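Enquirer: First the structure, which I've put down as structure tokens, then a few questions once you've had a look.
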Amino acid sequence: MLKIYGVPFSVHTRKVVVAARMKSIPFDFARVVPVIPDTVPPNWREISPAGVIPAIDDDGFVLADSTAIIHYLEKKYPGASLLPADVRAHGSALFVNAWAGDVLFRQVVHPLFQHQVVGPHLRKTGGDATAIARALEASSDAFAYLESRKPGRFLVGEGFSIADLAVFTNLVMFRYLGHAIDARKYPRLQAWFESTRTSSPIAAVLDAERSGVAGVPGLNPEI
Ligand SMILES: N[C@@H](CCC(=O)N[C@@H](CS)C(=O)NCC(=O)O)C(=O)O
């Protein structure tokens, strides 16, 4: 059975979980939280050379990086697809996926998680209010960019794609961390977030991770 290394509430692990659910691939979790050293297996760098989650083991084939894993699963299980068929939509979806990792995650969600959860609650070193303020400032630019793309039902093309998934999974963590998307400033983004949140299989994925999220100090599963 497909083994997913990671935790359900992790931004990038959720991308792989949603892909597996969409394709009805059975999977198990091997719980790895890189910031909690005793959850990390001894051969972790062989499984995930960068040391980050997610990674998979598919009958002995190990692979890290959510985008690489999604492409691997797409080839192995064609059908419900996260990659648009149209060539330009495909290119745009990969761009938005990369942008979500580079901007939304690196500049917004990762620093917020570090300074609201990891520092204060896991490492007990506290959080940096300036870093939190900077990340929230970056979120305004990021949300303005997304709003300027005029999101409708989907961010790119005619169907749910890796673009929607990559942005959505970051916004879920933003909400778990207690921050709101200002619907007056970003009405299309907020409407897109709501319709994505309640769609299938996303609603079921969020439901399944709920009790785990409730157990993480600093996160609130009510979104
Ligand atoms: N490009 C990677 C990014 C993975 C990533 O940054 N994962 C985060 C959790 S969502 C992580 O493991 N953070 C722990 C750390 O940086 O030590 C992917 O798409 O899988």
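The values are calculated or read from the model by the stated rules, or taken from the named source; none is laboratory data. Note that the structure is predicted; figures quoted are calculated from it, not measured. Heads up, the Cβs are rebuilt from the backbone with ideal geometry, glycines too, and the neighbour counts pull from every protein chain shown. Surface areas here come from the heavy atoms of the whole protein model, side chains and all, with no ligands, DNA or RNA. Shrake-Rupley method; radii C 1.70, N 1.55, O 1.52, S 1.80 Å.
Enquirer: Could you provide, to the nearest whole Å², the per residue accessible area of the range 48-162 with probe 1.4 Å? Don't jump to the answer; show the numbers that get you there.
Expert: Values: 5770 Å² over 115 residues.
Value returned for the range 48-162: 50 Å² of accessible area per residue.
Enquirer: For the chain, which whole percent of the accessible surface, found with a 1.4 angstrom probe, sits on carbon and sulfur atoms?
Expert: Values: 5710 of 10430 Å².
Taking all protein chains in place, the chain shows 55 percent carbon and sulfur surface.
Enquirer: Next question, about the same structure. Springs between alpha-carbon atoms under 10 Å, Gaussian network over the chain: tell me which of A204, A55, A166 tops the mean-square fluctuations.
Expert: Checking each option, the largest mean-square fluctuation is seen for A204.
Enquirer: Positive end of the charge dipole of the range 97-148 (Lys, Arg +1 and Asp, Glu -1 on Cβ, about the Cα centre): tell me which of A131, L146, A98 has its Cα farthest that way.
Expert: Farthest towards the positive end: A131.
Enquirer: Name the shape class, rounded, prolate or oblate, that the alpha-carbon gyration tensor gives for the chain, where a ≥ b ≥ c are the square roots of its eigenvalues, rounded holds for a/c under 1.5, and otherwise prolate holds if a/b is larger than b/c and oblate otherwise. It would help to have the intermediate numbers written out before the result.
Expert: Values: a/c = 1.64, a/b = 1.01, b/c = 1.62.
Oblate.
Enquirer: Given contacts defined as C-alpha pairs under 8 Å and at least six residues apart, what's the relative contact order of the chain, whole-number percent?
Expert: Working: 290 pairs, mean separation 46.2, N = 223.
This gives 21 percent for the chain.
Enquirer: Could you state how much accessible area S161 has, in square angstrom rounded to the nearest 10, with a 1.4 Å probe and all protein chains kept in place?
Expert: S161 has an accessible surface of roughly 0 Å² with all protein chains in place.
Enquirer: Arrange the residues K75, K150, K23, K15 by how much accessible surface each exposes, largest first, with a 1.4 angstrom probe.
Expert: Working: K75 175, K150 135, K23 30, K15 5 Å².
Putting K75, K150, K23, K15 in descending order of accessible area: K75, K150, K23, K15.
Enquirer: What FRET efficiency comes out for F95 versus N220 if R0 is 41 angstrom and r is the Cβ-Cβ distance? Round to the nearest 0.05. Don't jump to the answer; show the numbers that get you there.
Expert: On the way: r = 32 Å, r/R0 = 0.77.
Efficiency at R0 = 41 Å is approximately 0.85.
Enquirer: Compute, for D86, the solvent-accessible surface of its heavy atoms (probe 1.4 Å) with the complete set of protein chains present, and express it in square angstrom to the nearest 10.
Expert: Approximately 90 Å² for this residue.
Enquirer: Here's something else I'd like to know. On the full set of protein chains, 1.4 Å probe, figure out the accessible area of H110 and give it in Å² to the nearest 10.
Expert: For H110, solvent-accessible area is about 60 Å².
Enquirer: Arrange the residues M1, M173, M22 by how much accessible surface each exposes, largest first, with a 1.4 angstrom probe.
Expert: Highest to lowest solvent-accessible surface, that is M1, M22, M173.
Enquirer: Only Lys, Arg, Asp and Glu count, each charged at its Cβ (+1, +1, -1, -1), so figure out the dipole size of the range 1-50 about its Cα centre, rounded to 20 debye.
Expert: Working: 7 positive and 3 negative charges, 52 e Å.
The dipole magnitude comes to about 260 debye.
Enquirer: Here is a further query. How many Lys pairs in the chain lie less than 19 angstrom apart by Cα atoms, where the lysines are 8 or more positions apart or on different chains?
Expert: Total qualifying Lys-Lys pairs in the chain comes to 10.
Enquirer: Quick check on the range 1-42: take the gyration tensor over C-alpha atoms, sort the square-rooted eigenvalues as a ≥ b ≥ c, and tell me if it's rounded (a/c under 1.5), prolate or oblate.
Expert: oblate
Enquirer: Something else now. Could you sort E137, E194 by their accessible area in this structure, using a 1.4 Å probe and putting the largest first? Before the final figure, lay out the partial values.
Expert: On the way: E137 130, E194 65 Å².
Final ranking, largest accessible area leading: E137, E194.
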